[in-house]
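The values are calculated or read from the model by the stated rules, or taken from the named source; none is laboratory data. Remember, predicted model here, so these are calculated numbers, not experimental data. Backbone-built Cβ (ideal geometry, glycine too); neighbour counts: all protein chains shown.
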Ligand code: ADP
């Protein structure tokens, strides 16, 4: 027997005893009246609380426990406890749900959920971006009404989702590439995962180009070398011819050596850690080397001037700085006809160490300037080759400067000359305190 039955029974027994007592000591009429009044009061009392309970169930108030005597107080208290527990559980589920949504929103990939009719149930911000969707507006829309790319429609309808789909021509500028895969789950529902692989494709294409370029660059001197070797093997040559052939073969071998050594420099630059920010470069030694190398390469064919602030320096790796600056000075000499001038300056401008190489040489067409630092990019192939170029010099410059947080600026006018300016950030610029002589 539960507490409700027990309490009701006790109340009834008490009422019965009271009525009997009134019947015995007063009269039967009074006893009957008492019984009727008591039952009526009980009825009104319980109707009032039933009504109250009804209202409470319709619009629960979680913070308050309605007060009531007896069993009704107990019912309200228990109901309140139950509601509190449910409320806490709902809050927990809501929090879990919102954390789950946040996690999917934070995903670098697009996530879209489709119902059993391929209608959008939910999608994250990246998916909106990838497919040009609007999570609120497009809710419950059939996905192929919004993503009309024929490859996607075919893929979705094929029900063969083992392989991912590569979608080209996506995004605002129709230049993006997406990899998309559908994962069926639940009752005919689908998860559409998407990833922007534009950059990946670009670097892959660059890698393929690079391998093709290296092969091409090495193939030419190798073919020439093989040709000479064949000639020397098959045709008897006199001493003079043999010496000339050997010279030409030597030139080709050196060309390959230069290419391979520049490629190794590039590979090292790419693999190395960032240069230290507390190691000062001995710029006096760098400038001295640059001047000596420039004079030896020009051999008096150009007017060369150096204007260097001896106290100005930067932090980084000396060999890298020498290699980058050396490439710029060497290029100025190689691409400036005899009689031209080359001015090199190393000065601080607005707190930034600035290295400028200005020449009065051939100049570069404006359209070529943005591509100069690409590997093997040359404006004039034959001139680059004639002067011993590998097409990798400015690529090395770009890498060294990137590693030192420096910027390269190229200004040029065809037939009038070029100016290459390197700017180091103030954070890498330093002034040495020279003691007065
Ligand atoms: P290369 O070994 O061919 O010189 P670089 O990467 O050093 O390769 O330079 C790329 C191209 O930029 C060169 O082939 C040349 O056409 C052009 N170039 C670089 N510096 C100059 C310059 N000072 N004047 C004119 N053209 C230049």
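Points to keep in mind about this one:
- A single entry from 348, 353, 427 fulfils the requirement of being in a helix (DSSP H, G or I) and away from the ligand (no atom under 13 Å from the Cβ): 427.
- Residue, nearest to residue 120 (Cα to Cα), within the stretch 150-175, restricted to residues that are in a strand (DSSP E or B) and modelled with pLDDT under 90: 170
- Candidates are the residues of the stretch 318-333 that are in contact with a helix residue (DSSP H, G or I) (Cβ under 8 Å, 6 or more places away or on another chain) and more than 11 Å from the ligand (Cβ to nearest atom); the one that is farthest from residue 421 (Cα to Cα) is 318.
- Qualifying residue in the stretch 394-411 (condition: surrounded by fewer than 21 Cβ atoms within 10 Å (Cβ to Cβ) and near the ligand (Cβ under 10 Å from one of its atoms)): yes
- The residue list 24, 93 contains one member that is in a helix (DSSP H, G or I) and within 30 Å of residue 131 (Cβ to Cβ), which is 93.
- Condition met for residue 381 (within 12 Å of the ligand (Cβ to nearest atom), surrounded by fewer than 15 Cβ atoms within 10 Å (Cβ to Cβ), within 29 Å of the chain's Cα centre (by Cα) and modelled with pLDDT under 95): no
- The stretch 384-393 - residue that is part of a helix (DSSP H, G or I) and surrounded by fewer than 19 Cβ atoms within 10 Å (Cβ to Cβ) and, of those, farthest from the ligand (Cβ to nearest atom): 386
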